[in-house]
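Structure record follows, encoded as structure tokens.
Values in this text are rule-based calculations from the coordinates and carry no lab data. From a predicted model like this one, the values you see are computed outputs, not experimental measurements. Counting neighbours? That spans all protein chains shown, and the Cβs are built from the backbone with ideal geometry, glycine included.
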Amino acid sequence: MLTRSEVRKEQTVTPLLAAPREDTREAVVQTAREGIYLFSADPAGGRAVRATFVLKVFESGARERTAALGNRSLSGPTVLVKILMTEAILWDDESAFTGSMEDSESETRFNATTGLYWKEFRD
């Protein structure tokens, strides 16, 4: 398993941004490498906003998946979702895991059938 310092090695991925409609913004990561991705949003101009978020993975392909993340009120940078790529597993999707273990510094979720495990450290 990865240590806390290994987990904290983050890289910033800058998505392509588009505004297909006046009230819609899209952020696209064209090629996702293996790893855990944190998608976050930060309201422009420092004002609080309320928005609806949808995550689409592998759009227009055989592995396509859409997850409604719901309405969120944002007043600053906010993590919307954590996703494990290339498997496209959401941290909050309990159906992807068969169990979990917690200790004082972390939570590990696992799938005993597939051998997958995902450990998240607390801040």
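Of all residues in the range 32-69, which are small (Gly, Ala, Ser), assigned to a strand (DSSP E or B) and exposed (fewer than 10 other Cβ atoms within 10 Å of the Cβ)?
Our first condition is that a residue be small (Gly, Ala, Ser); within the range 32-69, this holds for 32, 35, 40-41, 44-46, 48, 51, 60-62, 67-68.
Pick out the ones that are also assigned to a strand (DSSP E or B) and you get 35, 40-41, 51, 67-68.
Selection gives ALA68 alone.
Taking into account only those residues within the range 78-120 that are of a type in the set (S, T, N, Q) and not in a strand (DSSP E or B), which is surrounded by the fewest Cβ atoms within 10 Å (Cβ to Cβ)? Even if it seems obvious, please write down each step before you answer.
So in the range 78-120, the residues of a type in the set (S, T, N, Q) come out as 78, 86, 95, 98, 100, 104, 106, 108, 111, 113-114.
If we keep only those that are not in a strand (DSSP E or B) too, we end up with 86, 95, 98, 104, 113-114.
Working: THR86: 12, SER95: 8, THR98: 13, SER104: 5, THR113: 7, THR114: 12.
Residue satisfying both the conditions and the ranking: SER104.
Is at least one residue of the range 85-105 touching a Leu at 6+ places or on another chain (Cβ under 6 Å), in contact (Cβ under 8 Å) with a residue 12 or more places away in the chain and not polar (S, T, N, Q)? Quick ask: steps written out before the conclusion?
Going through the range 85-105, the residues touching a Leu at 6+ places or on another chain (Cβ under 6 Å) turn out to be none.
For the range 85-105, residues touching a Leu at 6+ places or on another chain (Cβ under 6 Å), in contact (Cβ under 8 Å) with a residue 12 or more places away in the chain and not polar (S, T, N, Q): absent.
Exactly one condition in (1) under 23 Å from ALA88 (Cα atoms); (2) surrounded by 10 or more Cβ atoms within 10 Å (Cβ to Cβ); (3) out of contact with any strand residue (DSSP E or B) (no Cβ under 6 Å at 6 or more places or on another chain) is not met by SER75; state its number.
(1)
Of all residues being farther than 26 Å from PRO43 by Cα and without any contact (Cβ under 8 Å) to a residue 12 or more places away in the chain in the range 59-84, which is nearest to the chain's Cα centre (by Cα)? Just the residue, please.
Looking at the filtered set, the residue picked out is GLU64.
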